[in-house]
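Here it is, the structure in full.
The values are calculated or read from the model by the stated rules, or taken from the named source; none is laboratory data. These figures come from a predicted structure and were not determined experimentally. For neighbour counting, all protein chains shown are included, and Cβ atoms are generated from backbone atoms with ideal geometry for every residue, glycine included.
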Amino acid sequence: MHLLIMGPPGAGKGTQAGRIGEHYKIPAISTGDMFRAMRDSDTPLARQVQDIMASGAYVPDDVTNQVVADRLVADDCAGGFLLDGYPRTLDQVAFLDGVLKEADCELDAVVSLAVDPDELVARLTRRSATDGRADDSPEAIRTRQQVYVDQTAPLLEVYRQRGLLVEVDGLGEVDEVTRRLFSALDRHAGSTPATSAS
Ligand code: AMP
């Protein structure tokens, strides 16, 4: 199973990604988590990444692509993976296409979690009170939403045209969204012609 999960900041990607990973027994790989983990290393690159993240902007494609490429060669990705928060730009889509081609595998589905923009800001503001993320400040929240609209939302159309997009309403209780998500993925699998083993 090779999956992506996309959605605007605050849509609940991380939570749902964990559940999808458990269900299909594949690693849920979050580029945001990997960048946050760099906080512990005191290198110029790590400091640059932290500053970019705190502002709500995207980490440069070459840095992000390299981090993902290094992660996808790990043994636990041999049976598939779920990428959470990657790709986010057209350049990253092209890079991922190359990585998948080289590994001779294809994406099975791209889950898109849709949530109303006002609800997103409310969620992120609540999260800033509990999680203390530097990029949950009001200004960074606005930047992240705008960057998503400008750079990442267009990717949905790319995957829709490839017949991979599985759209799920992300509004409501977490369990309810999970149920919706699995039934949408099952429907998608049922409507996709089985790929030949050759
Ligand atoms: P997330 O936890 O997915 O909301 O990501 C948090 C932050 O990490 C983003 O606002 C970006 O600064 C950075 N980031 C995560 N994934 C990517 C990506 N695919 N491309 C560029 N920046 C990313």
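Please specify each residue of region 59-107 satisfying the condition of being among the basic types (Lys, Arg) and under 21 Å from ARG19 (Cβ atoms). Can you show your working first?
Of region 59-107, the ones among the basic types (Lys, Arg) are 71, 88, 101.
Within region 59-107, ARG71 is the sole residue that qualifies.
Same structure again: Working only within region 13-43, note down all residues that are in contact (Cβ under 8 Å) with a residue 40 or more places away in the chain, in contact with a helix residue (DSSP H, G or I) (Cβ under 7 Å, 6 or more places away or on another chain) and within 11 Å of the ligand (Cβ to nearest atom).
Scanning region 13-43 gives ILE29, SER30, THR31.
The rows are residues; the columns are (1) closer than 28 Å to PHE182 by Cα; (2) out of contact with any His (no Cβ under 6 Å at 6 or more places or on another chain); (3) modelled with pLDDT of 95 or more.
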residue	(1), (2), (3)
LEU96	yes, yes, yes
ASP118	yes, yes, no
ALA122	yes, yes, no
ALA129	no, yes, no
ILE141	no, yes, no
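What are the pairs with Cβ atoms under 8 angstrom where one residue, in region 65-80, is touching a residue at least 60 places away in the same chain (Cβ under 8 Å) and the other, located anywhere, is part of a helix (DSSP H, G or I)? Sequence gap at least six, or different chains.
If the second residue must be part of a helix (DSSP H, G or I), the pairs left are GLY80/TYR24.
I'm checking my understanding of the structure. Among residues of region 1-28 that are charged (D, E, K, R) and part of a helix (DSSP H, G or I), which one is surrounded by the most Cβ atoms within 10 Å (Cβ to Cβ)? Break it down stepwise before answering.
Narrowing region 1-28 to residues charged (D, E, K, R): 13, 19, 22, 25.
Now restrict to residues that are part of a helix (DSSP H, G or I): 13, 19, 22.
Details: LYS13: 22, ARG19: 17, GLU22: 10.
My answer is LYS13.
Now for a different question. Inside region 151-173, can you point out the residues that are within 17 Å of the chain's Cα centre (by Cα), assigned to a helix (DSSP H, G or I) and either closer than 10 Å to VAL110 by Cβ or more than 13 Å from the ligand (Cβ to nearest atom) (or both)? Before the answer, list the steps.
In the first step, residues of region 151-173 are kept if they are within 17 Å of the chain's Cα centre (by Cα); the result is 151-160, 164-170.
Subsequent filtering for residues that are assigned to a helix (DSSP H, G or I) retains 151-160.
Residues satisfying the conditions are ALA153, PRO154, LEU155, LEU156, GLU157, VAL158, TYR159, ARG160.
Of the residues that make up region 59-82, is at least one hydrophobic (A, V, I, L, M, F, W, C), within 29 Å of GLU173 (Cα to Cα) and either more than 9 Å from the ligand (Cβ to nearest atom) or out of contact with any strand residue (DSSP E or B) (no Cβ under 7 Å at 6 or more places or on another chain) (or both)?
Yes, that holds for at least one residue.
Okay, next question. Which pairs have Cβ atoms under 7 Å, sit 6 or more apart or on different chains, and link a residue in region 112-132 that is within 27 Å of GLU157 (Cβ to Cβ) to one that is among the acidic types (Asp, Glu) and in a helix (DSSP H, G or I)?
Every condition considered, the pairs that remain are LEU124/ASP136.
Out of region 124-135, which residues are within 12 Å of the ligand (Cβ to nearest atom), assigned to a helix (DSSP H, G or I) and of a type outside the set (Asp, Glu)? Steps first, answer last, please.
Step one: list which residues in region 124-135 are within 12 Å of the ligand (Cβ to nearest atom), which gives 124, 127, 131, 133-135.
Narrowing the set further to residues that are assigned to a helix (DSSP H, G or I) leaves 124, 127, 131, 134-135.
Across region 124-135, the qualifying residues are LEU124, ARG127, ALA134.
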